[in-house]
Amino acid sequence: MNNSQTLVVKLGTSVLTGGSLRLNRAHIVELVRQCAHQHALGHRIIIVTSGAIAAGREHLNYPELPTTIASKQLLAAVGQSRLIQLWEQLFSIYGINIGQMLLTRADLEDRERFLNARDTMLALLDNHIVPVINENDAVATAEIKVGDNDNLSALAAILGGADKLLLLTDQPGLFTADPRHNPDAELIREVHSIDDALRAIAGDSISGLGTGGMATKLQAADVACRAGIDVIIAAGIKPGVIGDVINDVSVGTRFHAQPSPLESRKRWIFGAPPAGEISVDDGAVQAMLERGSSLLPKGIKNVIGNFSRGEVIRIRNLAGRDLAHGVARYNSDALRMIAGYHSQEIDSILGYEYGPVAVHRDDMIIS
C-alpha cells in the first residue's frame with residue numbers, strides 16, 4: 001500500500017506491568033491486537049520493549065537479591081527469554097512472526113555495526129516480521145549501555161527509517177506541571193521545538209519500575225525529531241492509541257519532526273551516543289558557529305574520555321554548553337598531544353597525520 005507507515009512502539013515497564021510487580025498479560029494482548037491490526041493494513045511495526053528485569057523477578061518468584069549490577073543482569077538474563085517468549089506467543093495468535101534484536105550502545109556507535117543493525121531491521125520489516133528490540137541488559141556494562149529504552153527507541157526509529165515514534169507510558173502525555181501534584185497542570189498537545197523551558201517541566205520517573213522519566217522521553221524526542229521523525233507520548237491504556245497515532249488523530253503530546261531532516265550519515269552521527277568529549281576555546285566556537293569551519297587542533301582545550309578515531313564525540317564550549325556532535329579524526333590520546341598546536345605541527349608531534357582537522361565540518365552536527 002502506498003500510504004504505509006513505519007511506526008516504532010516503545011513500551012515502558014510501567015505500561016507492561018500496569019504499575020504492579022508482574023507483567024499485565026491482558027493489557028499486553030490488547031496492545032499486540034492493535035499492532036496486529038495495523039500490520040494487517042500494511043503498516044510496518046517495530047516494538048521496543050522494556051520488562052526483562054520485571055519478567056525475571058516474577059519468574060524467580062521475587063527473590064531477595066543484593067542491589068548490584070550483577071543482580072539486575074541476572075534478572076535480565078532470566079527474564080529476557082521469558083519476555084521474548086511472551087511476545088512470540090501473543091503475535092503468533094495473529095499469524096505474525098517476530099525477530100528479536102538485542103542492542104547495546106556499542107552496536108550503534110560504530111558506523112559498520114550501525115549499518116549491519118539497520119540492514120537486519122530492514123530485512124525483518126521487508127519480510128513482514130515485527131522486530132522486537134531491547135537493550136542487551138544481561139551483558140551491557142555502564143560504558144556500553146544506552147541506559148534507557150526511550151533513547152534506545154529513538155535510535156531504533158532512525159535504524160528502521162520510521163515515520164513516527166510512539167512512547168507509551170503511564171501518563172497521558174507531557175503536562176505543564178506534574179499532574180500528580182498540581183491539579184492545574186494542563187496537557188501540552190503540540191510541541192514544535194524542544195527548549196530549556198520544556199526540559200525544566202519534565203520530571204523524573206517515580207514508579208520505581210523503569211529507568212526513564214519524562215526527561216529521557218524529551219531526549220529521545222529531540223534525537224528523533226532532528227532525524228525527521230514525529231514523536232508522540234501517550235498513555236498505554238488509552239483504547240485504540242496505536243491506530244490513533246497511525247491515523248494522525250490527536251492523542252497525548254505530539255512532537256513535530258524538524259522540516260529538514262538530517263541526511264543519512266548525519267542521522268548516525270547525531271543518533272550515536274558520544275564516546276567522549278572535547279572542550280574548545282572561544283575562537284574555535286566562533287569559527288564553527290559563525291563561519292561553518294571544521295574544528296582544528298589549535299582550538300582544543302581539553303579532551304575527556306577515551307575514544308578511537310572514527311567515533312562520535314561531543315564538542316562543548318568552556319562553559320560546558322553542548323555545541324556539536326562530530327566524528328573524531330584522531331583518537332583521544334592523539335588529540336591530547338596535539339591540542340593547542342597548529343595543524344602543520346601534527347606530523348612532527350605524532351609522527352603521522354590524518355589531515356589538518358580534528359573534526360571535519362562534513363562529519364559534524366551543530367547542537
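Can you compute the FRET efficiency between ILE129 and GLN344 using 1/(1 + (r/R0)^6), with r the Cβ-Cβ distance and R0 = 41 Å? Round to the nearest 0.05. Here the calculated transfer efficiency is 0.15. Going by neighbour counts of Cβ atoms within 10 Å, the residues LEU155, LEU86, LEU65 line up, fewest first, as LEU65, LEU86, LEU155.
DSSP bridge analysis restricted to the chain gives an antiparallel fraction near 35%, rounded to the nearest 5. In loop segments of region 258-338 as defined by DSSP, the GluC sites (Glu not before Pro) with at most 16 further C-beta atoms inside 10 Å of their C-beta are GLU263. Taking other C-beta atoms within 10 Å as the exposure proxy, SER332, SER367 rank SER367, SER332 from fewest upward.
The residue among PRO63, VAL32, GLY42 whose Cα reaches farthest toward the positive pole of the charge dipole of region 1-64, with charges on the beta-carbon of Lys, Arg, Asp and Glu, is GLY42. Among the chymotrypsin sites (Phe, Trp or Tyr not before Pro) found in region 61-140, not one is both in a DSSP coil and sparsely packed, with 10 or fewer other Cβ atoms within 10 Å of its Cβ. For the chain, which span is the longest to avoid every loop-located (per DSSP) member of trypsin sites (Lys or Arg not before Pro) having at most 13 other Cβ atoms inside 10 Å? Formally, the longest exposed-site-free interval is 1-179.
Quick check on the exposure proxy: order ILE53, ILE304, ILE96, ILE278 from fewest to most C-beta atoms within 10 angstrom. Provide the component values of the computation, followed by the final result.
Working: ILE53 25, ILE304 15, ILE96 18, ILE278 28.
Fewest-to-most Cβ neighbours within 10 Å comes out as ILE304, ILE96, ILE53, ILE278.
When the helices in the chain are scored as -39500 (n - 2.57) per DSSP H run of 4 or longer and the sum is shared across all residues, what 222 nm value do you end up with, to the nearest 500 deg cm²/dmol?
On the way: 14 runs with 140 residues, N = 367.
Roughly -11000 deg cm²/dmol at 222 nm, from the helical runs in the chain.
With both labels modelled 7 Å from their Cα along Cα-to-Cβ, the ASP362 to ASN306 distance reads 3.2 nm. Here the relative contact order of the chain, from alpha carbon pairs under 8 Å that lie six or more residues apart, stands at 14 percent.
Between HIS192 and LEU289, what FRET efficiency follows from the Cβ-Cβ distance if R0 is 25 Å, with the result rounded to 0.05?
On the way: r = 23 Å, r/R0 = 0.91.
E(calc), rounded to 0.05, equals 0.65.
How big is the charge dipole of the chain about its Cα centre, in debye rounded to the nearest 20, if each Lys and Arg gets +1 on its Cβ and each Asp and Glu gets -1 on its Cβ? Intermediate results must be reported in sequence, preceding the final value.
Values: 34 positive and 41 negative charges, 77 e Å.
Taking the Cα centre of the chain as origin, the dipole is about 360 debye.
Any read-out appearing in this document is the output of simple, stated calculations on the displayed coordinates, not a laboratory observation. Just so it is clear, the model here is predicted, and its values are computed rather than measured. Heads up, the Cβs are rebuilt from the backbone with ideal geometry, glycines too, and the neighbour counts pull from every protein chain shown.
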